[in-house]
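Worksheet: one structure, shown below.
Rule-based calculations on the coordinates, nothing more; no lab input. Just so you know, these numbers come straight off a predicted model, no measurement behind them. Note that each Cβ is placed from the backbone with ideal geometry, even for glycine, and that neighbours are counted across all protein chains shown.
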Amino acid sequence: MTSSAMGKEFQTFLGWADDVKRLDVRANADTPEDAQKARDFGAKGIGLTRTEHMFMAQDRLPVVQEMILADDVAGREAALAKLLPMQREDFYGILKVMAGFPVTIRLLDPPLHEFLPSKEELLVEITKLKCLNGDKEEIAEKEALLKRVEHLSEFNPMLGHRGCRLGITYPEIYAMQARAIFEAVAQLTKEGYEVEPEVEVPLIIHINEFKRLKDLINGVGDAVKEETGVDFSYTVGTMIEVPRAALTTDQLAKEAQFFSFGTNDLTQTTFGFSRDDAEGKFLHTYVDQKVLPVSPFVTLDESGVGKLMDMAIKAAREVDPDFLIGICGEHGGDPESIELCHRLGLNFVSCSPYRVPIARLAAAQAAIQNK
Ligand code: PEP
Ligand code: MG
């Protein structure tokens, strides 16, 4: 269904839903095209832009790999300098489409080996090249890549070197992304657009991570303001994706300007199982045999994950009663979970663009049910 195919009557109906609902509905979007779709469907902003999807594009992957394979900071910075204009263009496009509404841009989150070929793939290629007396230089290159892949491989990537841990260990990556955001913001501000960027740090577990990365982001913000002569505003916040973050929002709320619950990860880390393994191996048995009423990845687990969210929200709102809090995990598009988000007092839910109409309706139903 396209937004124009929604029909006038349905749009009017959704307008009535908007009049009743308290939750804002935003969308998860990584491209200007998706952002436009989201806007057409009535999204009031972007609740999550996953910047890694921009790194995966065919023309960028080789540069990303060059950055990962670099031996030192200088090598990484040289590759990052090539990525900067591409990222700036991405952010320019999304922020422009969403002018007048907030756009949450998340800094790099997945482990770096996700951008490299797999060990098995490389081993096959190297063996083939050797059997066919292939080019020695190419074999040496592939062997070097294999070494790097082996070095980056992890036993539990979901719990490994990812999220803001990348920003702490390779600050130049986050510095490039922050620069790309701010340069796009400065340009759009000069052109007269009102943009509302929210820079988001993923997978925070400790206040000290956030403080350090916030300083880095603000340092880049100040530099871009000075270089461009443009004054612009932005906020810096964090995702709440692990129990420790949820349990320490009293501290985090003093430093951050917004939170967004990443309930995909928060569900994994609260339950202590990885989604990929659980869904592939045992979760269906749990649901079939009613050990669990429903997959916690589809509908929020109110008594566990929901309780953590409740505590986290209450602690943050003690620091600031107006503290902005949303959800951007897949639950943000699930009507039952949206009802819980309403009761918990979230400010917004964010879901895929196509789910925005359903989410608007579910938010209105939640408001009526809980009057
Ligand atoms: C989440 O964890 O809920 C989230 C939105 O992040 P991702 O799914 O990209 O890990
Ligand atoms: Mg996550």
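General observations
- Neighbour net charge for Asp288 - beta-carbon separation under 14 angstrom, K R +1, D E -1: +1
- Prolate/oblate/rounded label for region 126-280 (Cα gyration tensor, a/c 1.5): oblate
- Coordinate range along principal axes, alpha carbons of region 90-204, Å, largest first: 61, 30, 20
- Residue order for Ser350, Ser153, Ser274, fewest other beta carbons within 10 angstrom first, comes to Ser153, Ser274, Ser350.
- Nearest-ten-degree value, helix 8-20 long axis tilted from longest Cα axis of the chain: 80 degrees
- Fewest-first sequence of Phe115, Phe259 by Cβ atoms within 10 Å of each Cβ: Phe115, Phe259
- All aspartates and glutamates inside 19 Å of Lys128 as judged from Cα atoms, apart from same-chain residues fewer than 8 positions distant: Glu120, Glu137, Glu138, Glu141, Glu143
- Amide H contacts under 5 Å for Arg26, placed H, 5+ residues apart: Lys44, Val349, Ser350, Cys351
- Residues of region 308-330 with amide N under 18 Å of a point placed 7 Å along Cα→Cβ from Asp250: 308-323
- Region 109-134-region 299-371 distance, computed between alpha-carbon centres (Å): 43 Å
- Rounded to whole Å, the principal axis extents of the Cα atoms in the chain read 73, 61, 46, largest first.
- Legend: ranking of residues Glu120, Glu339 from fewest to most surrounding C-beta atoms inside 10 Å; resulting order Glu120, Glu339.
- Helix 73-97 axis versus longest C-alpha principal axis of the chain: approximately 30°, rounded to the nearest ten.
- Computed on region 163-282, with alpha-carbon pairs under 8 angstrom and 6+ residues apart, the relative contact order is 26 percent.
- With 0.36 nm allotted per residue and the present C-alpha distance subtracted, the Val20-Thr228 stretch has 70.6 nm of extension available.
- Mean-position separation - Cα centroids, region 233-298 and region 147-180, in angstrom: 20 Å
- Helix-only [θ]222 nm of the chain, DSSP H runs n ≥ 4, -39500 (n - 2.57) each, per residue, nearest 500: -17500 deg cm²/dmol
- Computed over neighbours whose Cβ is under 15 Å from that of Lys21, the net charge equals +3, Lys and Arg +1, Asp and Glu -1.
- Region 147-162 - phi-based ³J(HN,Hα) in whole Hz, Karplus 6.51/-1.76/1.60, Gly and Pro as x: 4, 5, 4, 4, 5, 7, 5, 10, 6, 10, x, 4, 10, x, 7, 8
- Computed from label points 7 Å out along Cα-Cβ, the spacing between Asp72 and Leu159 is 3.6 nm.
- Annotation: lysines with alpha-carbon distance below 24 angstrom to Lys96 (same-chain offsets under eight excluded): Lys37, Lys44, Lys82, Lys190, Lys225.
- Remark: relative contact order (the chain) = 22 percent; criterion is Cα-Cα distance under 8 angstrom and separation of 6 or more residues.
- Whole-Hz couplings from phi, Karplus 6.51/-1.76/1.60, listed for region 259-273; x for Gly and Pro: 10, 9, 6, x, 6, 5, 6, 4, 5, 4, 6, 6, 6, x, 10
- Summing charges over neighbours of Asn264, with a neighbour being any other residue whose Cβ is under 9 Å away from its Cβ, gives -2 when K and R count +1 and D and E count -1.
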